[in-house]
Structures are given as C-alpha cells and as structure tokens.
Amino acid sequence: MKALKIIGIVVLVLVALIVILGIIAPKDYRVERSVLINAPSQVVFNHAKYWRNWQAWSPWAEMDSTMKVTIEGIDGTPGSLYKWSGVKAGTGEMTNTGIRANEEIAYQLRFIKPWESESNGYVRLADVQGNTEATWGFYGKNKFPWNIMTLFMSMDKMMDRDFNRGLTLLKEISEKEYAAIQRYSVKEIKFPAKTYAAIQKVVSFDQMQSFFAASYGTIMAEMGKRGIKAAGAPCALFYEWDEQYARTNMAAAIPIRSTAKSGDLKIIQLAATPAFVVDYLGPYQDSAPAHYACDLYLSARGLKQKSPVIEEYLTDPATEPDSAKWLTKIYYFGE
C-alpha cells in the first residue's frame, strides 16, 4: 500500500508539473525571415505567387530528390492547392488563402507526416529604396501538451536554416532574371495600321512549332493562288497566354495589303496606335526576359497590357542556322 501511495503521489506530481508547464509554455509561435532582393516586386512576386515556381526556391525540394509535387486548382489564385510528398520532406499541403498583387501571398500550411500540424504562412514584399524586401513566415498555436516542447526546443532556431536557404534561392533566381530583363531597351513607337492574313487557334505550348509550320504554309499557298504579296515578315499574334493550362490563343499571320478573305484564312486588321517594342536576338524559346521587359515598362507607367502581343520574325531560320542571330521584334500595346 505504501508503494502504491508513493506511486500515486509521483503521478500526481508529474501531472501537476505537466499542467504547470503547459500553462507557462508559449501557446503561440511565429517564425519569420527576410532578405533584400535587387529586383522589382513584380519579378519576385511571380516566383512566390505561383505554386509551380516554388520548386525552384524551396529548401525542402533542394534537399529531398524524392519529393513529388502536385498542384490543384487554378495556380496563382485563392483556393489553389500545393501538395508534396517525400522521404525527407514528409507529406503535407498548402492552400492559397489570399493574394495581394506584388505584395503578399497568404496560405494555410498543413503537415500530415511525420506529424500533423496546421499553421498560417505568407510571403510579403515591400519596396525598400528601389529593392524588394521579401519576408517569409508562418505562425500558429501550440496545443497542450505539445506546447511544453517549446520550453526545450526553439521552433525559430529549427526553421532558421531552411527559411534563410529558401530566401537565398529566391534572391538568386529573381536577381538573375532581372539582370536578363535589364539587357533589353523598350522603345515607344507609332505602330502603323496593318492587315494580316492569318490562321487563329487555341494551341498548346508543345504544339506551337508544328502549328506555325503548317499555318504559314497554308497562308502562303492561299496568297499565291490569289496573287497576294506579303507586306512584311511573318508574325505571331498572341491574344491569350495561359500558363496554367500551357496553351495560347494565337494567330500565325503574314502582313498583306489586300483584305479579301480566302478559305480558312482570317483577315485581321489592326489600327495605327502607340506601341512599345523590344528587339530580341536569340532562339524563340528564350524570349521571356524580353517580354518581361515590356511588361515592367508598361507597369511602371500605370498601363495595362492590351491584346494582341505581336512577335515579328525578321530572320529566316532557313537561311540563318545560328539561332543566336535570329531577330524578333516584340510589340506590346497599353491602355
């Protein structure tokens, strides 16, 4: 009986100790780190807004080669879901809970394995003397009795290396991209009125090359039948660019002087209007920084992009095998 009494007292003491520790242990936690990035907030935000871009700067993706990711919903909008699973990274998901353009993405973070927990996370951007301060953090509540563990281990210290590594990667990616963008000079011009013979279609990104090849052949054949001569270089007119579903609503087009419609050809007429143009030298698939230069130029002037975006292919790949010498003029319109 005496032994049982001692055991009972010990149990009571332990229970009391756990209760006391649970009372005094922190019930809330927050981890936050920041980095200064030499790039506009629009450039940085593009990497934070879309789940598909997180893989490039996620410290856990870097450390776990087995990590697999799936994205559900419309990426870059509230409600979209990022799910991951890996040997080292465990299993979990993040749900986009809010977007403020070029300022913040907020998300709900849920760990499933090796243990379950829920937190609220965010990436916030702020302009600091021409640079962008990126702040990555998350916060939540420690439930009893697990909050007792915070008396012996620091969540802030545990996450320090990972958060700093992620922000370092975000900085490197953003600054490299911005350096590429800065190579391009945007000019304001008066775009002349033009008429195009075109074939327009919604095309997946991986089918664009074959669409161009077939369409230009069809257009030239129809023009030849009707004795219509080209009034300029072949072009692509992009009306929509959907990265979520990897497709574009576009037209393969050749400028002409006639307006007569023929067969499957569509006649597209554009009125004379102010435009913004960049000269791009290089292979077609690497033109993203040149496009981004136009995007930033319009944004800095408070202008909204207006369709279509035009690529004018001034170099014939059939006569110039070196893709580094291919000249493309890229036109943007604003309103």
Considering residues that are in contact with a Ser or Thr (Cβ under 9 Å, 6 or more places away or on another chain), hydrophobic (A, V, I, L, M, F, W, C) and in a strand (DSSP E or B), the number found within the stretch 306-332 is 2
Matching residues, the stretch 65-119, being acidic (D, E), free of Cβ contacts under 8 Å to residues at least 40 places away in the same chain and closer than 23 Å to A134 by Cβ
E93, E104
Conditions first: (1) surrounded by 15 or more Cβ atoms within 10 Å (Cβ to Cβ); (2) acidic (D, E); (3) more than 28 Å from A318 (Cα to Cα). E222 passes all but one, so which condition is the exception?
(3)
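Before we move on, is D279 surrounded by fewer than 17 Cβ atoms within 10 Å (Cβ to Cβ), assigned by TED's automatic domain parsing to the domain that holds P255 and under 17 Å from A179 (Cα atoms)? Give the steps one after another, and end with the answer.
Details: surrounded by fewer than 17 Cβ atoms within 10 Å (Cβ to Cβ): yes; assigned by TED's automatic domain parsing to the domain that holds P255: yes; under 17 Å from A179 (Cα atoms): yes.
Yes: the conditions hold for D279.
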Total residues in the stretch 97-132, condition assigned to a strand (DSSP E or B) and over 22 Å from Y29 (Cβ atoms):
8
Please go through (1) loosely packed, with under 13 Cβ neighbours inside 10 Å; (2) over 21 Å from I330 (Cβ atoms); (3) touching a residue at least 12 places away in the same chain (Cβ under 8 Å) for I267 and return the number of the only condition it doesn't satisfy.
(1)
Matching entry among Q305, Q285, Q244 (being touching a Leu at 6+ places or on another chain (Cβ under 7 Å) and either among the basic types (K, R) or within 30 Å of Y82 (Cβ to Cβ) (or both)):
Q305
Out of all the residues in the stretch 45-74, which are part of a helix (DSSP H, G or I) and touching a Ser or Thr at 6+ places or on another chain (Cβ under 7 Å)?
H47, W51
Got a sec? Which of R124, R100, R52 is buried (at least 17 other Cβ atoms within 10 Å of the Cβ) and under 24 Å from L296 (Cβ atoms)?
R124
Index of the failed condition, M153 passing every other in (1) outside any strand (DSSP E or B); (2) modelled with pLDDT of 95 or more; (3) over 18 Å from M63 (Cβ atoms)
(2)
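Looking at this structure, is S307 under 21 Å from V186 (Cα atoms) and either touching a helix residue (DSSP H, G or I) at 6+ places or on another chain (Cβ under 7 Å) or surrounded by fewer than 17 Cβ atoms within 10 Å (Cβ to Cβ) (or both)? Step through it out loud before you land on a result.
Values: under 21 Å from V186 (Cα atoms): yes; either touching a helix residue (DSSP H, G or I) at 6+ places or on another chain (Cβ under 7 Å) or surrounded by fewer than 17 Cβ atoms within 10 Å (Cβ to Cβ) (or both): yes.
So S307 passes the test.
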Close pairs (7 angstrom Cβ cut-off, 6 or more residues apart or separate chains): over 15 Å from A221 (Cα atoms) in the stretch 191-202, assigned to a loop (DSSP other than H, G, I, E, B) and aliphatic (A, V, I, L, M) anywhere
F191/A272; P192/A272; A193/A271; A193/A272
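Yes/no matrix, rows are residues, columns are (1) within 28 Å of A39 (Cβ to Cβ); (2) surrounded by fewer than 19 Cβ atoms within 10 Å (Cβ to Cβ); (3) modelled with pLDDT under 95:
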| residue | (1), (2), (3) |
| --- | --- |
| P234 | no, no, no |
| L237 | no, no, no |
| A251 | no, no, no |
| T259 | no, yes, yes |
| P274 | yes, yes, no |
| A288 | yes, yes, yes |
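The values are calculated or read from the model by the stated rules, or taken from the named source; none is laboratory data. Worth saying up front: this structure is predicted, and the values here are computed from it rather than measured. Positions of Cβ are generated from backbone atoms using ideal geometry, with glycine treated the same way; all protein chains shown enter the neighbour counts.
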